[in-house]
Structure formats: structure tokens, C-alpha cells
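Since every read-out is calculated from the coordinates, none of them should be taken as a lab result. No experiment lies behind these values; they were computed from the predicted model shown. Backbone-built Cβ (ideal geometry, glycine too); neighbour counts: all protein chains shown.
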Amino acid sequence: MAKITLLRPLAVAAAAAVLVATGAAHAVAADQGPAASPVPDTAGVLAALQNTTKAGAPGAFAVIRDHGDAERTRSLTVGQADLDGTPMNSKWRFRVGSNSKMFSAVLVMQLAEQGLIDLDKPIRDYLPAGTLPDTWTMTGRQVMEHRAGVYDHTNDLLEQTGEETTSAFEARIRHNVYDPRELVALSVKHGLQYTPGSRYSYSNTDFVLMGLVVEQLTGRPYADVLRERIVEPLGLRRTSFDVPQEEIDGPHVTGYLTNDDRTKPLLDSTEQTASWVWSAGAVVSDAEDLDRFLTALLAGGAGGLVSDDSLKQMTAVLPTPTAKISYGLGLRRIALSCGDVYGHGGIVQGFQTQSFATPDGRRSVVVFANASNNGSVTQGLMGALEPAFCGKKPAAATGAAPRTAFTAPAVDDSLPVVEDTRI
């Protein structure tokens, strides 16, 4: 059964005081004025979430938050948080996968603002000696844009490109603890894949490198820097980086890896070290914290994370081979029918999330499902973004059009599955 909850804070400063109501009728709220975002098409979002469960995910949710004069949160859930029958809960924690790259990017931009790194100089100058060959001249900017020619080490650990596998997960990922420099070494042995800056190719190793830069320049463990510079200042109470702890602390959704043999049951993959992706994908958080982080980031200097200039650089996106998808410095831009949104997606065994917000931060959307290794589940989640941000499509005109009338071609507002299908 689908569940819709509308939460409307009584005051911005007292966000915990909320007016709770259930039912689809409450999701169509009063107009916020000419600057308001379109009213979400909750029926369309629910249909997309139900597609994810039909495709094999035990459950899914979407959290749509509006910021401004009329603070409003819509929470839509379908299915189960675990196979024991617990209803899906949009307030629980989960592994955010490659949404972690946004956190790493913010830390690097902060260091750039301090003058500790020049993003247009070779990144090897800011890494422990010997991490990269002396002949590798890619810059920090190219690395953060996934245009550095760095091979993705996760292909070796999975023994293939594409989605995860249950056999590789049990053999090399669930309990294994990797040093991040070991992950980079796996990549380096394949050599430079192309001339840096010449094209785009998504690589998790890129953001393992950025995590190592953070440690090298601060002299502190990555987890400590993340906590001191982002988690604590923003009050992200349910966000942590606990590598190599396998358990998720506190109430959390159970993640399931779709078995390579589809005739076999889903594999509970919740417990894992996450060290195989480290700063590229090991953050644990929840929908509320992701909203708070994204909103602060897109506020630029007013948000307290990065300066206006740093945000401008992060959102200066370049095209990717995937239609409607562009990539900046740790931020992805998706072109929707009503405008662009910024954020990231993430898939890590058993969990997948898409977290995006409008450029002004007025609306954020977090969609989640607790299954992976299943492209149809991913497509279902992507399908929730358009109705969540852009609302219901205008009804088609009735009656036959005159023969001389021009009929505009139909607009394809479907979104492709993005390239981070593993992490």
C-alpha cells in the first residue's frame, strides 16, 4: 500500500514542529505565488515508485521538500523496509553510494578556497608521493569532472563493467578492508585510458583520489575532516562515514542485492565495510540530511559550505554521453522539462538513491529504493524525478485538430539510467 504524508513546519526555525496529515488530497497544496515550484504530481511519483517495487525492490520512497515562505514536505512510501514486512520508512538511514562524491567535492573546494590546492595544477602534486606516476599530468579539476583518463578500479573488484554481482560482493567486497592507495594502485596498473580533458568517463577512482587529497592536505583522516567541516556545522545528525564498520547504526533500511541468478532470493547486503569505494561512496545518511546538505550547498556563500565562486565552478557542467545529463565538479545536472536540477545519484549494494534540487534550492527531491543490481529498479527511480519537480503534464486537448493546424512533436521527458549503475 502506498503512503503519502504531508509535513508543513510551523516556522523555519522550528522545523521539528510539524503539521502531519495523510492522503493524496493534502499533497496538492495551495499556490505559493508566482515564484513557487510546480505542484508535484504525487500520483506520477507514486507510479514511478510502484514501478521500482514491481521491478524487484522490496520498497521505495520519495521525499519532496519545498523551502521558502511556505515550508512543506511531502513523503511518499511504498513497499517494505525489509523482507520481514516492516513498512518502508523515509526517515530511516541508508547507504547513499555516489552521493558521497558531493561531500568529497565540497571538502576539496574548501581547501581550494584556503589556497591549499590549485585545481588547475597536476593532482599528483597534492597526493602522497608515488600515488600516481610522474608522467600523469591530469589536474584536480579534470579528476572531479571525470575527464582525467583514470581507470575505474571497481571494474577489477567486480570482474566486469556494469552492475554489481552477488558472487563478487561475497568474495571481495562485503568483508574486505582496502587501503585507498591500494584501490588507486588497481587503477594505475591499467595505465592512462585517454588524454586528460579529451572526454568524459565516470570513474570511482577519481573521488578516491580526491579523498586522499583531503587527507594529505589536512593531515587528518577523511572521516574526521568530513565530520568537522560538513556534518557538525550543518547539524547532520544521521550522516556518518564509518569505514570499515559493517553495521549501520540506528534505525535503517535493509538493502538487498539482486542475485545474479534471478531465480534465487534477494541477498541482504546491508552489512559491508564499504572500503572498496571509500570517499567515492561510503557515506551513510538519510533523506532529511541529504536535503539539508544540498540546500546549503546550492546557497553558495550564504549556505556556509562553499563560496559563491566555488559553487559557480561546481555547477559549470560539461556534457556526458548520456542524454540530458551533464557533470561539473562532483555535481550532476539533469535537464527536466521544467528546468535543470543539480545533485547526484548513488548505487551501492542493496541501496540506490537520487538526490537533486533546483538551482535556487527551493525544492529538493530524494528518491530511494532498497535493491540494486537491477536496472529496472534504477529506471523506476529516475522516472520519479520529472513528476516530483515539474508536476503533472498538461491535459491533452480534446477533439480533432484542423487539418492546417501545426502539431508539435511530443516531448520526451523520460530520463535515462545514468552511468553510476554500480556506485
(message) Suppose each label sits 7 Å from its Cα in the direction of the beta carbon; what would the D309-D69 distance come out to in nanometres?
(response) 3.5 nm
(request) Mind jotting down the three principal axis lengths of the range 139-220 based on Cα atoms? Whole angstrom, largest first. (result) 36, 33, 19
(request) Compute the distance in nm between two label points, each set 7 Å from the Cα along the Cα-to-Cβ direction, one at T195 and one at S337. (result) 4.2 nm
(request) Please list, or write none, the aspartates and glutamates whose alpha carbon is within less than 19 Å of the alpha carbon of K189, excluding same-chain residues fewer than 8 places away. (result) D134, D152, D156, E159, D179, D206
(request) Round to the nearest 0.05 the FRET efficiency obtained for S167 and D120 when R0 = 51 Å and r is the Cβ-Cβ distance. (result) 0.75
(request) Under a cut-off of 16 Å between alpha-carbon atoms, report the lysines in cross-link reach of K91, not counting same-chain residues fewer than 8 places apart. (result) K3
(message) Testing the spin-label approximation: label points 7 Å from Cα along Cα→Cβ at S376 and E113. State their distance in nm.
(response) 4.6 nm
(message) On a straight-distance basis, which lysines could pair with K324 in a cross-link, Cα separation under 22 angstrom, same-chain partners fewer than 8 positions away excluded?
(response) K101, K312, K392, K393
(message) Per 0.36 nm of contour for each residue apart, how much would the distance between D260 and N176 grow if the chain were fully extended, relative to their Cα-Cα spacing?
(response) 28.2 nm
